[in-house]
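Notes to accompany the following structure.
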Amino acid sequence: MSPAVTGTAAGAVLALAALAFGFWGFLLTALFMGTGAVLGRAAQGTLDVGAVMDALRGKRSSS
């Protein structure tokens, strides 16, 4: 899927969650979508979890 299609689908899901469940449902849906994206990239091998953790701890810079 192209990034435009993926972004459109994510926006549609978040909009439906906001309409159906209100603000907190929107936030919970966004949190679950983000968690799923991170776990999916880690399982696929396109995300280096160690590098992300080092960056969050300040051991490496993003530049």
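Before moving on, here are some points about what is shown:
- Computed on the Cα atoms alone, the convex hull of the chain gives a volume of 117 cubic angstrom per residue.
- Portion, in percent, of the accessible area of the chain that falls on carbon or sulfur, probe 1.4 Å: 71
- Per residue, region 22-63 exposes 81 Å² of solvent-accessible protein surface, assessed with a 1.4 angstrom probe and all protein chains in place.
- Taking θ as phi - 60° and the Karplus parameters 6.51, -1.76 and 1.60, the scalar couplings of region 16-31 work out to 5, 5, 5, 5, 7, 10, x, 5, 5, x, 4, 5, 5, 5, 4, 5 Hz in sequence order, x denoting glycine and proline.
- Calculated mean residue ellipticity at 222 nm for the chain: -29000 deg cm²/dmol, from DSSP H runs with n ≥ 4 weighted as -39500 (n - 2.57), summed, divided by the residue count and rounded to 500.
The values are calculated or read from the model by the stated rules, or taken from the named source; none is laboratory data. Everything numeric in this text was worked out from a predicted model, so none of it was measured. Calculation scope for accessible area: heavy atoms of the full protein, side chains included, ligands and nucleic acids excluded. Shrake-Rupley method; radii C 1.70, N 1.55, O 1.52, S 1.80 Å.
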